[in-house]
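Notes follow once the structure below has been shown.
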């Protein structure tokens with residue numbers, strides 16, 4: 001837990017958020033800078049810096065939380081596809097050093113290109 005961590009403050013209710021789902025271990029909130037409507041972040045309620053520092057139980061169960069959020073987004077927005085993304089470490093473009101996953105609803109011809117391209 002960090003006094004400076006924005007996700008710690010969100011989990012503790014110190015900063016408002018648009019919560020879309022919650023259970024005893026995770027919350028899902030709308031991204032404040034969404035790439036598409038419904039772009040959601042899934043975060044554990046306990047602070048882990050990245051995937052390397054995350055206990056196995058949390059690492060496994062966050063995938064189930066992402067699935068629940070994906071189903072919720074499918075029902076809410078009528079999408080049939082999502083990207084689920086995580087960046088762990090500065091070199092991987094992690095910008096908030098608190099484990100989190102992006103669940104991004106996708107639509108045909110939405111203009112997003114979130115996939116890898118070979119050199």
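For the stretch 35-57, give me each residue that is in contact (Cβ under 8 Å) with a residue 60 or more places away in the chain and assigned to a loop (DSSP other than H, G, I, E, B).
Within the stretch 35-57, the subset in contact (Cβ under 8 Å) with a residue 60 or more places away in the chain is 35-42.
Passing the criteria: 35, 36, 37, 38, 39.
Are any residues in the stretch 58-80 free of Cβ contacts under 8 Å to residues at least 40 places away in the same chain and in contact with a helix residue (DSSP H, G or I) (Cβ under 8 Å, 6 or more places away or on another chain), and if so, which ones?
Matches in the stretch 58-80: 59, 80.
Taking the condition assigned to a loop (DSSP other than H, G, I, E, B), at pLDDT below 95 and at negative phi, does residue 118 pass? Can you show your working first?
Working: assigned to a loop (DSSP other than H, G, I, E, B): yes; at pLDDT below 95: yes; at negative phi: yes.
Yes: the conditions hold for residue 118.
Kindly indicate whether residue 38 is crowded, with 19+ Cβ neighbours inside 10 Å and on the phi > 0 side of the Ramachandran plot.
It is true that residue 38 is crowded, with 19+ Cβ neighbours inside 10 Å and on the phi > 0 side of the Ramachandran plot.
Collect the residues in the stretch 30-45 that are in contact with a helix residue (DSSP H, G or I) (Cβ under 7 Å, 6 or more places away or on another chain) and farther than 23 Å from residue 80 by Cβ, keeping them in residue-number order.
Correct list: 43, 44, 45.
Kindly indicate which of 10, 29, 15, 6 is in contact with a strand residue (DSSP E or B) (Cβ under 8 Å, 6 or more places away or on another chain) and over 20 Å from residue 68 (Cα atoms).
10
Taking the condition of being in a strand (DSSP E or B) and either exposed (fewer than 14 other Cβ atoms within 10 Å of the Cβ) or more than 14 Å from the chain's Cα centre (by Cα) (or both), how many residues in the stretch 1-34 meet it?
2
If I ask for residues that are farther than 19 Å from residue 22 by Cβ and in contact with a strand residue (DSSP E or B) (Cβ under 6 Å, 6 or more places away or on another chain), which ones from the stretch 83-104 would you list?
83, 85, 86, 104
Which condition from (1) touching a strand residue (DSSP E or B) at 6+ places or on another chain (Cβ under 9 Å); (2) over 12 Å from residue 103 (Cα atoms) is the one that residue 73 breaks?
The one condition residue 73 does not meet is (2).
The values are calculated or read from the model by the stated rules, or taken from the named source; none is laboratory data. Worth saying up front: this structure is predicted, and the values here are computed from it rather than measured. No Cβ is skipped: glycine too gets one built from the backbone with ideal geometry, and neighbour counts run over all protein chains shown.
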